[in-house]
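Here the structure comes first, spelled out in structure tokens, and everything after it is commentary.
Every number in this text was worked out from the coordinates using simple rules, so none of it is lab data. Only a predicted model underlies this, so the values are computations on that prediction, with no experimental measurement involved. Here the Cβ is made from the backbone with ideal geometry for all residues, glycine too, and neighbour counts use every protein chain on show.
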């Protein structure tokens, strides 16, 4: 059984990644399949996500409506901590909604 995945991604990112994947002898489908298999095999992303605004021009990457919400304080910027197993460590008191989502989905 085969399922389709449809994503919207910046054209430059897609082009650069496709070029590099081709040099590795991989197509996009195989790369995404490998990515998903790593998530399943290890129960986590195959890298550690880190969020920090230091030196980061968020408005270059985020849509205006999200930037407006961040600047208005409607969306919190959270720097995630990761334990030695690569699992997120989320402080329930600091980020109750994020904690609830992480625990209950």
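Please give the contour-minus-distance gain from residue 32 to residue 97: 0.36 nm per residue of separation, less the Cα-Cα distance, rounded to one decimal in nm.
The span from residue 32 to residue 97 would gain 20.4 nm if fully extended.
What FRET efficiency do you get for residue 17 and residue 64 if R0 is 25 Å and r is their Cβ-Cβ distance, rounded to the nearest 0.05?
Working: r = 25 Å, r/R0 = 1.00.
So the FRET efficiency works out to roughly 0.50.
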